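Coordinate-derived values only; no laboratory data. This one's a predicted model, so the numbers in the text were calculated from it and none came from an experiment. Methodologically, a virtual Cβ is constructed for each residue, glycine included, from the backbone with ideal geometry; neighbour enumeration extends over all protein chains shown.
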Number of protein chains: 2
Amino acid sequence: MFNLDEKITFHNKNNDLLAIGEILVDLISTDYNEDSLSNSYQKYFGGSPSNIVMNAKKLGIRSVVASAIGDDGLGNFLLKQLQNAGMNTDCIQTVHEATSMVMLTKSKSTPIPIFYRGADYQLVYTSKLEQYLKDSKVLHFSCWPISKYPARQTIERAIEIAKENGVLVCFDPNYHKRLWEKGEDGIGYVQSIIAKSDILKPSEDDAERLFGSDLPERYIEKFLELGAKLVILTMGKKGALVSNGSSIEKFPSLATEVIDTTGAGDAFWSGFYTGIIKGHTIRESLRMGFATSAYKLQFTGAVIDLPKLEVISSLYRM
Amino acid sequence: MFNLDEKITFHNKNNDLLAIGEILVDLISTDYNEDSLSNSYQKYFGGSPSNIVMNAKKLGIRSVVASAIGDDGLGNFLLKQLQNAGMNTDCIQTVHEATSMVMLTKSKSTPIPIFYRGADYQLVYTSKLEQYLKDSKVLHFSCWPISKYPARQTIERAIEIAKENGVLVCFDPNYHKRLWEKGEDGIGYVQSIIAKSDILKPSEDDAERLFGSDLPERYIEKFLELGAKLVILTMGKKGALVSNGSSIEKFPSLATEVIDTTGAGDAFWSGFYTGIIKGHTIRESLRMGFATSAYKLQFTGAVIDLPKLEVISSLYRM
């Protein structure tokens, strides 16, 4: 059981965080528009795992992302962005499918993203990926790679190897029906992966999509029943509930000013990972995650220019 | 054999042209850009069959398009564009895949489109589609629907029913490797469809992709050997070569001013179809096709505000 007042101990490894999963182009409309003849979109670097590793590198830990891009102009664009950020790109695979993209037309009602998935789920398990995995302290992934083969198989194998090599398995259960093939039991599969994970960070929306409408405390119970060891249920400005299976603790949001919520969850993960890697207790690391998220909320964009974790800690008086 | 100085006779039908195939969003960058952090794109109504039927309606014949859109914002956008243009949308199918999209980043070197195919090839053969097909004079399609199942099956069935019902089968063999699954013999399949078609309009680039580099006259021979009955090989400003199997005739381009070549081929098809439907000879109709193309070349955009065919004919002194 994870004791919130203890540190997580790791084996000595050459890398801290390995995130496996989607890297993609976010195409976001510049204006709010329902269906005009032609409106304007901007392209951005995107994909939660890539955002997390870029954040984590800025905060001060060694981070690598494993993703698949297409052999096309958008793939080159993503690769160059990683290179410009000084990221290790050894685990970026180039495949014969279009670089994945998410298109979002802003709308005054509900903006619904359209997923164009090509390259991202073509990620295969390679000896190079295994080498990085064995030599990392934390494995992170989300629902994207587990939603389709062959990436699903890559994650299944990665979880096995992580467990054999003392790598902490962290899963963002950001379930979204549209990621799965029609008719497939995505929820059932996500639940089977929860059972194999050490740490989970669902949002309230994720929990509702997985279990239907319920109380936050009941969501926590359900994740624990499925086998998760530490559950961090984030609830926006209401803060978060955290449970290690023996008790549920409430953590307040540290946000004072909210300019843009994009990437707030990724900022949490990166702050939390940096905390546990740097030898802080789980409780301290959770607060560092919420502080990083609060810091990010003040700026527009999914990936912002984060300072070192120590700067954020002192800003939020830890 | 098609005699260029004769009319094509059609059965009496309630519709003139039925185009089956892709309808999609064209996302085109507003600037020329290799790989900047974020650049700007505009979305446009696209897909050659839809462009052709919209042109043909403006030129003065009854036209219907059969295509599949996704149940998403971009699908709604495309549907509304068709409705705003006064098109019949009875044969537009809504499916559970993302609306297809082509993304084009303009580049000073070679701009390479990225294909995001979702809904378009989910087009299925329905009794409504069959009813429209039986009641049309011309069936038009391109390589998009034949590149993937189930749309491929829809076209195969449509060709059979067209032949049984005296519908002219016209095929744009715009072969592009990226449309096919990796490893599949797309060229072989396109050749098998050429064998079943009455009229073909390849561009020189299409012919080169299908047969390798060769002389235009040799391309014509190859298409005829495969079984096409009338081949219209377009060669940009060099005009076109046309053969019915007994001789090859050269037609000059009628273009005087070239502002934008986008949609020039679609304009040709629509002018040609309007000519043959309105009872002109094949030779006259070919010239009407080239005149419509020349008219379109003066304006920017894939679908422009074409006048009636008679106006174009008089502008180009026919």
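Bin width 10 Å, origin at 0, all Cα-Cα pairs of the range A:198-318: what percent of pairs per bin?
Distribution as computed: 14, 46, 32, 8 percent.
Contour minus end-to-end for A:Ala85 and A:Glu130, with contour as 0.36 nm per residue of separation and end-to-end as the Cα-Cα distance? Show your work: numbers first, answer last.
Details: separation 45, 0.36 × 45 = 16.20 nm, distance 2.37 nm.
Result: 13.8 nm gained on full extension.
Nearest 20 debye, what's the magnitude of the dipole of the protein assembly as shown about its Cα centre given +1 on Lys and Arg Cβ and -1 on Asp and Glu Cβ? Display every interim value, and only then the final one.
Numbers: 70 positive and 76 negative charges, 93 e Å.
Dipole size: approximately 440 debye.
Apply the Karplus parameterisation 6.51 cos²θ - 1.76 cosθ + 1.60, with θ equal to phi minus 60°, to every residue of the range A:218-225 and state each ³J(HN,Hα) to the nearest whole Hz, in sequence, with x for glycine and proline.
5, 4, 4, 4, 5, 4, 5, 4
Can you run phi through the Karplus equation (6.51, -1.76, 1.60; θ = phi - 60°) for the range A:297-313 and list ³J(HN,Hα) in whole Hz, with x for Gly and Pro?
Calculated HN-Hα couplings, in order: 4, 7, 10, 7, x, 6, 10, 10, 7, 5, x, 4, 4, 4, 5, 4, 4 Hz.
Rounding to the nearest 20 debye, state how big the charge dipole of the range A:15-315 is about its Cα centre with +1 on each Lys and Arg Cβ and -1 on each Asp and Glu Cβ.
Values: 32 positive and 36 negative charges, 110 e Å.
Value, rounded to 20: 520 debye.
Projecting each Cα onto the charge dipole of the range A:15-315 (Lys/Arg +1, Asp/Glu -1 at the beta carbon, about the Cα centre), which of A:Gly73, A:Leu210, A:Gly46 comes out farthest on the positive side?
Final value for the positive-end residue is A:Gly46.
Within 10 Å of each Cβ of A:67-78, how many other protein chain Cβ atoms are there on average? List each step's numbers first, then the result.
Details: counts 0, 0, 0, 1, 0, 7, 12, 4, 1, 2, 8, 1.
Other-chain Cβ atoms within 10 Å of each residue's Cβ, averaged: 3.
I'd like to know which of A:Leu309, A:Tyr219, B:Ala162 lies farthest towards the positive end of the charge dipole of the protein assembly as shown, counting +1 on Cβ of Lys and Arg and -1 on Cβ of Asp and Glu.
Going by the charge dipole, the pick is A:Leu309.
Just check the range A:274-318 against the gyration tensor rule for me: Cα atoms, a ≥ b ≥ c as the square roots of the eigenvalues, rounded for a/c under 1.5, and otherwise prolate or oblate depending on whether a/b exceeds b/c.
prolate
With no solvent and one point per C-alpha, what does the Debye sum give as log10 I(q)/I(0) for chain A at q = 0.08 Å⁻¹?
-0.33
How fast does the range B:169-209 diffuse by Stokes-Einstein, in µm²/s, taking the Kirkwood radius from C-alpha pairs at 10 °C and 1.306 mPa s? Walk me through the numbers before you get to the answer.
Numbers: Rh = 10.7 Å.
The Stokes-Einstein estimate is 149 µm²/s.
Looking only at GluC sites (Glu not before Pro) in DSSP loops with at most 16 other Cβ atoms within 10 Å, what is the longest site-free stretch of chain A? Display every interim value, and only then the final one.
Numbers: sites that count: A:Glu6, A:Glu34, A:Glu181, A:Glu184, A:Glu257.
Longest site-free region, per DSSP loop and neighbour criteria: A:35-180.
Nothing charged except the Cβ atoms of Lys and Arg (+1) and of Asp and Glu (-1): what's the magnitude of the dipole of the range A:212-318 about its Cα centre? Round to the nearest 20 debye. Show your work: numbers first, answer last.
On the way: 12 positive and 11 negative charges, 43 e Å.
Magnitude of the dipole: close to 200 debye.
Based on the Cα atoms of the range B:1-101, what semi-axes does the equivalent ellipsoid have, where each is the square root of 5 times one gyration tensor eigenvalue, given in whole Å with the largest first? Working shown, then result.
Working: eigenvalues 206, 65, 26 Å².
Ellipsoid half-lengths, sorted descending, are 32, 18, 11 Å.
Which is the longest part of chain B that has none of the trypsin sites (Lys or Arg not before Pro) sitting in a DSSP loop with at most 14 other Cβ atoms within 10 Å? Don't skip to the end; give the middle numbers.
Values: sites that count: B:Lys106, B:Lys108, B:Lys182, B:Lys308, B:Arg317.
Answer from the scan: B:183-307.
Find the Cα radius of gyration of the protein assembly as shown, compare it with 2.2 N^0.38 Å by division, and give the number to two decimals. Let's see the in-between values first.
Values: Rg = 28.5 Å, N = 636, 2.2 N^0.38 = 25.6 Å.
The protein assembly as shown yields a ratio of 1.12.
What translational diffusion coefficient, to the nearest whole µm²/s, does the range A:16-160 have by Stokes-Einstein, given a Kirkwood radius computed over alpha-carbon pairs, a temperature of 4 °C and 1.567 mPa s viscosity?
Values: Rh = 15.7 Å.
Taking Rh from Cα pairs, D becomes 82 µm²/s.
Is the range A:205-246 rounded, prolate or oblate when judged by the Cα gyration tensor, a ≥ b ≥ c being the square roots of its eigenvalues, rounded requiring a/c under 1.5 and prolate requiring a/b larger than b/c? Could the numbers behind the result be given before it?
Numbers: a/c = 2.02, a/b = 1.17, b/c = 1.73.
Taking the square roots of the gyration eigenvalues as a ≥ b ≥ c, the range A:205-246 is oblate.
Which of the lysines could a cross-linker bridge to A:Lys308, judged by Cα under 25 Å and excluding same-chain residues fewer than eight apart?
A:Lys7, A:Lys13, A:Lys57, A:Lys58, A:Lys80, A:Lys137, A:Lys201, A:Lys237, A:Lys278, A:Lys296
At R0 = 25 Å, how high is the FRET efficiency between A:Asn165 and B:Ile112 if r is their beta carbon distance? Nearest 0.05 is fine.
Numbers: r = 41 Å, r/R0 = 1.64.
The pair A:Asn165/B:Ile112 has a calculated efficiency of 0.05.
Name the long-range amide H neighbours of B:Ser40: under 5 Å, sequence gap of 5 or more, or other chain; modelled H, no Pro or chain starts.
B:Thr30, B:Asp31
Counting just the Cα atoms, what span does the range A:161-264 cover along each of its three principal axes? Round to the nearest Å and put the largest first.
Projected onto its principal axes, the Cα set of the range A:161-264 covers 40, 34, 25 Å.
Direction-averaged shadow area of the convex hull around the Cα atoms of the range A:77-202, nm²?
Numbers: hull surface 37.1 nm².
The orientation-averaged projected area of the Cα hull of the range A:77-202 comes to 9.3 nm².
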